[in-house]
1. Can you give the accessible area of D128 in Å² (nearest 10), computed on protein heavy atoms with a 1.4 Å probe?
2. Find the centroid of the Cα atoms in the range 1-79 and in the range 262-300, then give the distance between the two in whole Å.
3. Got a number for the accessible area of H163? Probe 1.4 Å, square angstrom, nearest 10.
4. By a straight-distance test (C-alpha under 15 Å), which aspartates and glutamates pair with K204 as possible cross-link partners, with residues fewer than eight away in the same chain excluded?
5. Could you name the lysines whose alpha carbon sits less than 26 Å from that of K197, not counting residues in the same chain fewer than 8 places away?
6. Sorted by accessible area with a 1.4 angstrom probe, largest first, how do E56, E273, E207, E299 fall?
7. Once ligands and nucleic acids are excluded and a 1.4 Å probe is used, how much of R37 is accessible, expressed in Å² to the nearest 10?
8. For the pair E253 and L151, what calculated FRET efficiency results from E = 1/(1 + (r/R0)^6), where r is the Cβ-Cβ distance and R0 = 22 Å, to the nearest 0.05?
Amino acid sequence: MSPSLTVGYIGLGLMGKSIARNILKAGFPLLVHNRSRAALDELVAEGAQPADSPKEVAAQVDIVFTNLPDTPDVLKVALGPQGIIEGARPGLVYIDNSTIKPAAARQIAAVLAEKGALSLDAPVSGGDVGARNATLTIMIGGPADALQKTLPIFQAIGNTITHVGESGAGQIAKAANQIMVAAQMVAMAELLVFAQKAGADPRKVVEAIRGGGAQCWTLDVKPPRLFSGNRNPGFKAYMQAKDLSIILETAREYGIPLPSAAVDAQLFNAMLEMGMAELDNSAVLGVLEALAGVHLVEEG
């Protein structure tokens with residue numbers, strides 16, 4: 001695939017803007033659309049072209065991406081009035097970087113196929129750091145020929161690219177990923193509160209256990225931020241709560257027991273009720289702190 005082929009990106013949020021920027025840096029002509037102007041103007045200043053609607057984007061590009069907050073947003077942009085469907089044509093490839101219900105990804109793929117367009121559900125993991133550094137993990141569902149056509153774009157935004165299966169399989173993989181992420185965040189919060197209240201230095205505890213069976217990405221990356229008092233988002237708590245809602249809805253559809261994920265969902269929903277929706281998902285620590293009546297001692 002040649003960079004001369006045009007790409008569209010719709011949804012320039014915390015991660016979408018960085019992903020779009022990396023596509024632009026890779027040399028692909030880029031058309032962008034976003035509800036708010038600030039992020040759009042920023043990318044236009046860097047060389048992207050603006051568009052007034054998803055329909056306009058789809059009509060002018062070879063590949064169109066979306067990266068939006070939730071399933072209803074993606075359905076509206078893909079299939080609604082002035083949506084991608086109205087600009088779709090044979091040969092267009094639609095790629096969704098959002099995290100949505102697998103059933104919705106399959107629905108969108110089926111409807112766009114009626115216009116001759118191919119679809120890939122391609123949710124990502126790696127947070128804002130991965131988006132900025134083009135080191136995202138990308139889980140892809142959909143036809144292999146669509147992936148082959150678009151692989152150079154994926155290589156410009158991520159370093160682990162896995163074709164999981166047919167339409168919806170990428171979203172199933174992302175849901176599985178989020179089950180593990182939520183569990184790790186809650187487990188880390190529990191062990192920090194446990195150490196603090198039981199009378200051991202949480203920093204020393206993390207140092208002691210990080211090289212053993214408890215080792216994981218969360219324990220490697222998050223404690224230094226929390227110990228410094230930094231609970232600002234890499235991945236916002238309300239998005240984690242939304243993903244857990246998708247997981248539990250899908251589990252109900254298939255009759256899958258997920259007892260741990262259900263408890264994790266309650267804790268992340270409590271974050272939202274406690275005014276912590278915009279904090280990092282690791283800040284679920286705050287819920288456990290409130291329940292235990294302690295606060296993680298910060299450095300300095």
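1. 30 Å²
2. 34 Å
3. About 70 Å², ignoring ligands and nucleic acids.
4. K204 reaches D220, E298, E299.
5. Output for K197: K222.
6. From most exposed to least exposed: E273, E207, E299, E56.
7. It works out to around 140 Å².
8. After rounding, the FRET efficiency stands at 0.10.
The values are calculated or read from the model by the stated rules, or taken from the named source; none is laboratory data. None of these values were measured; they are calculated from a predicted model. Cβ: placed from backbone, ideal geometry, glycine included. Neighbour counts: every protein chain shown. Heads up: the accessible areas ignore ligands, DNA and RNA and are worked out on the full protein's heavy atoms, side chains in. Shrake-Rupley method; radii C 1.70, N 1.55, O 1.52, S 1.80 Å.
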